[in-house]
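The values are calculated or read from the model by the stated rules, or taken from the named source; none is laboratory data. Bear in mind that the values here come from a model prediction, so they are computed numbers and not experimental data. Cβ sites come from the backbone with ideal geometry, for glycine too, and all protein chains shown count toward neighbours.
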Amino acid sequence: MSSLKPFLRTKKIPARLQPVLWTADIRHLDLERDKTYILHQVLSSGRLEDWLWLFRVYQETEMKKIFVTFPYKNYDPARFHFVKNYLLGLKRKRLDPQNYVKNIPRNIE
C-alpha cells in the first residue's frame, strides 16, 4: 500500500528541494521508493515550506513510522527535538538521540 496521499501519487519533487536533497538528483528520486531519505532530509535540513510540502505528500502515520523505525543520524539536537516532539507529535515516544543527532557518537557494541 502506498504511503502517498492518493491525489499526489504522480507528483514530482519540487526543484526548490534539490539543495535539501543534495546527495541525489531529484529527477531520479521516487516519492515511494526513496521516502525514508526524502523524509529525513527534509525534516533535518528543510524549511517550513518544505515541511508543509512533506505533510501534503505523505500520510502523517507513515511519516511517524519511518521516523521511529529508520533512524537517520543527520539532525542537530534542537531540530531533532522539535521534529520529534512537536512536528511529528512523538513527545511521549522514547527515542535515543544518539541514533538521530549527528554530533553524538553512537554506542555500538
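Only residues that are more than 19 Å from ALA78 (Cα to Cα), among the polar types (S, T, N, Q) and part of a helix (DSSP H, G or I) were counted in region 11-52, giving 1. Taking first residues from region 10-23 that are within 13 Å of TRP51 (Cα to Cα) and partners that are among the small types (Gly, Ala, Ser), the Cβ contacts under 8 Å between residues at least 6 apart in sequence or on separate chains come to LEU17/GLY46; VAL20/SER45; VAL20/GLY46.
Being modelled with pLDDT under 95 and over 19 Å from ASN103 (Cα atoms) is the requirement here; does ARG47 meet it? So ARG47 fails the test. Here is the figure for region 59-74: residues that are within 10 Å of the chain's Cα centre (by Cα) and not in a loop (DSSP other than H, G, I, E, B) total 4. Looking at region 31-57, which of the residues that are among the hydrophobic types (A, V, I, L, M, F, W, C) and over 11 Å from the mean Cα position of the chain (by Cα) is surrounded by the fewest Cβ atoms within 10 Å (Cβ to Cβ)? Residue satisfying both the conditions and the ranking: LEU48.
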